[in-house]
Amino acid sequence: TEARIQRGAEVIRELNNGKAQPTLEAMRREFPFLAEATEAYALGDVWSRPGLDNRTRQLAAVAVMAALGETAMMRVHAGYALNIGVSEDELKEAIYLITVPVGFPRAIAASQALAQLFQQRRAAAGD
């Protein structure tokens, strides 16, 4: 389990510019078992698999989370995507894509969450 947790921690460092992930750290304080399971299984076992590169994996995660209506988790993965070089336009295309299988309401909700993320990152960068 320790090796899996270490792989998960490395995934977070790669995606989050070497910083801890706030959602995971908050979960660790209140729900330590869930945080450990997330780090070991989701990140250490699944996200560290070699089958996809990080760009593809993050674009897929953004589209899936948006399609499920999970805009908070979509924002986390969109932030990772931006950190590793995915462009705003590529993220927008992922949202346009989900209108076909899940409809406009979820795509609109996702677009609003992404627009907020873009604005926050631009403000932080001084753009």
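The values are calculated or read from the model by the stated rules, or taken from the named source; none is laboratory data. Everything quoted here is computed from the prediction, not taken from an experiment. As a convention, Cβ positions derive from the backbone with ideal geometry for all residues, glycine included, and neighbour counts pool all protein chains shown. These accessible areas exclude ligands, DNA and RNA; they are computed on the full protein's heavy atoms, side chains included. Shrake-Rupley method; radii C 1.70, N 1.55, O 1.52, S 1.80 Å.
Descriptive notes on the structure:
- Check on residue 10, surrounded by fewer than 15 Cβ atoms within 10 Å (Cβ to Cβ) and part of a helix (DSSP H, G or I): yes
- Set side by side, the residues 60, 124, 72, 78 differ, and just one is surrounded by 15 or more Cβ atoms within 10 Å (Cβ to Cβ) and hydrophobic (A, V, I, L, M, F, W, C), which is 78.
- Taking each residue of segment 12-30 that is under 12 Å from residue 79 (Cα atoms) and touching a residue at least 60 places away in the same chain (Cβ under 8 Å) and looking for partners that are open to solvent by less than 90 Å² (accessible area, probe 1.4 Å) and of a type in the set (Phe, Trp, Tyr) with beta-carbon atoms closer than 6 Å, six or more apart or interchain, yields 15/80.
- Remark: pairs (first residue in segment 33-55, open to solvent by less than 50 Å² (accessible area, probe 1.4 Å); second residue in a loop (DSSP other than H, G, I, E, B) and among the hydroxyl-bearing types (Ser, Thr, Tyr); Cβ separation under 7 Å; 6+ apart in sequence or on different chains) = 40/1.
- Any hit, segment 94-102, residues being in contact with a Lys or Arg (Cβ under 9 Å, 6 or more places away or on another chain), at pLDDT 95 or above and at positive phi: no
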